1. Identify all aspartates and glutamates with a Cα-Cα distance to LYS147 below 20 Å; exclude those on the same chain that are fewer than 8 residues away in sequence.
2. Along the positive direction of the dipole of segment 105-192 (beta-carbon charges: Lys, Arg +1; Asp, Glu -1; about the Cα centre), which of GLN161, LEU132, ALA151 reaches farthest?
3. Placing +1 at every Lys and Arg Cβ and -1 at every Asp and Glu Cβ, with all other atoms neutral, what dipole size does segment 245-311 have around its Cα centre, in debye to the nearest 20?
4. Which far-off residues, 5 or more places away or on another chain, put their amide H under 5 Å from the one on GLU354, with H placed in the peptide plane?
5. For segment 128-184, which trypsin sites (Lys or Arg not before Pro) are both in a DSSP coil and crowded by at most 12 other Cβ atoms within 10 Å?
6. How tilted is helix 153-192 with respect to the longest principal axis of the chain? Cα atoms for both, answer in degrees (0 to 90, nearest 10).
7. Report, by chain and number, residues whose modeled amide H sits under 5 Å from the one on LEU102, excluding near sequence neighbours (fewer than 5 apart, same chain).
8. Select from segment 146-231 those chymotrypsin sites (Phe, Trp or Tyr not before Pro) which occupy a DSSP coil region and have at most 16 other Cβ atoms within 10 Å, ordered by residue number.
Amino acid sequence: MKLGGPKIVIPTVLLMAAAAAWIVLDQLQEKPGTGSSGPAKRPVPVEVAQVTHGPISLKRTFSGELEALAEFVVAPKVSGRVERIFVNIADLVERGQVVAELDNDEYIQAVAQAQADLAVARANLFEAKSALEIAGREFERTESLVKRGIASDSEYDAARQDQRAKQAQLNVAAAQVTKAESALETANIRLGYTKVTAGWTGGDDYRIVAERYVDEGQTVAANAPLLLIDDLDPIVGVVFVTERDYARLKPGQIVMLTTDAYPGEEFTGRIVRIAPVFQKTTRQARIEMTIDNPQHRLKPGMFIRATVVLNRVPEATIVPEQALTIRNEKTGVFIVSDDGSSVSWREVSVGIREGDRVQVDGQGLAGRVVTLGQQMVSDGSPITIPADLPETAADRGKAGS
């Protein structure tokens, strides 16, 4: 019978008082000089509970905290003054959404300058093409005159050299156009960077703003963080375990979690990752689990308690933990006889402990066991079960059924 509660305080006290009285009477009976062996030994008052059968589980509860599944830091690729921030803490953000704008006057001017440089380069290219065409026609004319013997070889060489120079100038002009086009593209890209977007990759298309680091009007450097955006569904629970429990954990195991934010409520998670190494400082390994969090009730940083079923026996012999007794460095229990008048010692091996319930294996484990008063009995000792103790009648009924 399980102890606890105000209703059994008085019966327990009465039982202890009866036990004390029994010890005194027993000692009086054994005083020498009586001339006989004395009357039979008095029954010991004890408290008992029923041996049960059923499932029992080995559970471990680990402390840890919640972390975001993924974090994305929004940072501008260019420096500038923050003109506007369009989102704040707890706002929902869509992938690719513009979340902030920087002052872009300088970058607009850079684009205009690049456009002007490109126009000049294209004009130079047009001029170079025209010069090459003229040089080409001059070379052809000189070549024709040489064949007719009117022009000299030196004039021919000069015309050919001039044509080659004009071709080189054309190539340079074309390269300058390419360079100016690239500079314009770069200027446009940098201008686009003044619109800061939340462009994460992978995961869901929507996340939530977890932190905001700057305010409008502040000047920020390139790559300075503006916002922290988290993916909270699912959310990740992290605990650390010792070597004793490490080997019993595996990916896919179900975990029941509780947190102080929602007392009395349980959340279901699943182990997804187990660290292959132990931390040198703590000698513990990191265990990660995912928990569905569609309403974002669970937040990163919350303290959690994660309970994992490490082993489960579907059909076990179970006794209260108070029934376990040590005799001659061996663990056992005292089994009450069918008529409730005596006890028998049974050695047991202890298995899973679940709360105040213990799995035991041994011979003759049936009926009732002594849970209070074991220190005053031995194998075969007579006992008495006080009739005023709660559940005594029920226990006897179970024993006789």
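Readers should treat all values here as calculations from the given coordinates under stated rules, not as data from a laboratory. The structure presented is a predicted model; accordingly, all values stated were derived computationally and were not measured. Cβ placement follows ideal geometry from the backbone for every residue including glycine, while neighbour counts extend to all protein chains displayed.
1. Of all the aspartates and glutamates, those that pass the test against LYS147 - Cα under 20 Å, at least 8 places apart if same chain - are GLU138, GLU155, ASP157, ASP162.
2. ALA151
3. So the magnitude is around 360 debye.
4. Answer set, sorted by chain and number: GLN359.
5. ARG148
6. Result, in degrees: 30.
7. Hits under the 5 Å cutoff: GLU83, LYS195, VAL196.
8. TYR213
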